[in-house]
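Heads up, the thing below is written out as structure tokens.
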Amino acid sequence: MKRSAMALLGSAALALSLTACGGPAPANGGGDAGGDGGLRTVNVVGVPVVDMAALYVGIDQGYFEEEGLELNIEFGQGTAAMIPALLNGQYDIQYGGSINVLQAVDSGIPIEAIAVGGRTTGVQGEDHGGLLVLDDSPIQDAGDLEGKTVAVNALRGLHEAALYASISKAGGDPTKVSFVEMALPDMGAALESGQIDAASTSEPWLGVLEGQGARLIASLYVDADPAFVTAIYFAASEKIQSDPELIEKFTRALEKSFEYSNANPDEVRAELGNFTEIDPELAETMILTNFDWGLSYDDLFLIAELAAEAGSLEDPETAAANAARYLESQ
């Protein structure tokens, strides 16, 4: 599937703006009372990707206010880099890539999953993550990548782990593929110049490159699992233990936000301008995440197992069990 007009979009139009909702995080840590109308401020941090539009949908629909909460949303550049601020109390809740969360737990960091952040659509060729090659490339599927160079946004991260599944399912050996780390906006030029043979990317860059003529050869998240969890909301174990009511209120509101987002995709697209500079024309055509609710140990074990197969996590059973402690207690 190709989406027209995307080639006209420059990198500036795709830049992700690090904006905040509700002002800066308080210096003395999160979860303070005293927001507008006596609402409790909840400091949430994440990476500025499309999934987080569900939070803004929930704010607009009043779901968080119904729980007595006011969200202060801030953004950083990477899941792992922001975890220390979560642990020291600067933030109450964090959104991040599912592989990163399980890797952190595997390394002994005391955090726990509290809710799903996003899922694959489960539809090959119509997902928000994909593996692309030039249209005239001899590469036909992920199994043809042996001996080739593939760009991912982070080594041993979400894309690399999911690609292990794609390559294996297509009959290839992922250990014979050369993965290189590259920023998502830079992959198109690298593909055109021959610096890389394939690019593993996600929306909105997926739509941009397809619009420029790149060819989709695999939906890597779908290959990992038709219900693969790509992102997770999580909190420090200490916060969960000391303030369970906050976590319960946040997840109740988030569940309503997800349900509404799934039923009203146009409203999700309309929220993107709150925290990104994605061109409105691109926002209208990009493939959104699946906001189906629910997160379990089995979901987390699948993620951990994929990471272990890719060599980026040591003990998938223990990592999944530790990450699922809050979920299992509900």
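The values are calculated or read from the model by the stated rules, or taken from the named source; none is laboratory data. This one's a predicted model, so the numbers in the text were calculated from it and none came from an experiment. Ideal geometry is used to build each Cβ from the backbone, glycine not excepted, and the neighbour counts take in all protein chains shown. These area figures cover heavy atoms from the full protein model, side chains too; ligands, DNA and RNA do not enter into them. Shrake-Rupley method; radii C 1.70, N 1.55, O 1.52, S 1.80 Å.
Assorted remarks:
- Once the Cα gyration tensor of the chain is diagonalised, semi-axes √(5λ) in Å: 33, 23, 16
- Positive-end residue of PRO280, GLY38, PRO84, charge dipole of the chain with Cβ unit charges: PRO84
- Among ALA253, ALA189, ALA231, the largest mean-square fluctuation in a Gaussian network model of the chain (Cα springs under 10 Å) belongs to ALA189.
- Modelled spin-label separation between GLU245 and GLU284, with each label point placed 7 Å from Cα along the Cα-to-Cβ direction: 4.7 nm.
- Gain on full stretching of the segment that runs from GLU192 to ASP266 - 0.36 nm per residue minus C-alpha separation: 23.4 nm
- Result for the chain in a Gaussian network model with C-alpha springs under 10 Å: among GLY38, GLY294, GLY143, the largest mean-square fluctuation is at GLY38.
- Potential lengthening between ARG252 and ASP141 on full extension [0.36 nm per residue; Cα-Cα distance subtracted]: 35.9 nm
- LYS239 accessible area, assembled protein chains, probe 1.4 Å, Å²: 40 Å²
- Dipole magnitude of segment 125-272, debye to nearest 20 (Cβ charges: Lys/Arg +1, Asp/Glu -1, about Cα centre): 260 debye
- Selected from ASN290, ASN264, LEU313, residue furthest toward positive end of dipole (segment 264-330; charges at beta carbon): LEU313
- ILE232 - accessible surface, heavy atoms, 1.4 Å probe, Å² rounded to 10: 0 Å²
- Most fluctuating residue given options ARG269, ARG252, ARG215, as computed from a GNM of the chain linking Cα atoms under 10 Å: ARG252
- Taken as entire DSSP H runs, the helices of the chain that both span 15 Å or more between Cα atoms along their own long axis and average 0.5 or more on the Kyte-Doolittle scale are 297-309.
- Remark: segment 185-330 carries a charge dipole of roughly 220 debye about the Cα centre, counting +1 on each Lys and Arg Cβ and -1 on each Asp and Glu Cβ.
- Scanning the chain for GluC sites (Glu not before Pro) that sit in a DSSP loop and have at most 15 other Cβ atoms within 10 Å, the longest stretch containing none of them is 147-276.
- Shape category assigned to segment 69-148 from the gyration tensor of Cα positions, a/c cut at 1.5: prolate
- Around ALA231: net Lys/Arg minus Asp/Glu count, Cβ-Cβ under 12 Å: -1
- Taking the chain as the region of interest, the number of lysine pairs whose Cα atoms are within less than 26 Å, with members eight or more places apart or on different chains, is 6.
- Calculated FRET efficiency for the pair GLU66/GLN330, C-beta based, R₀ 22 Å, to 0.05: 0.65
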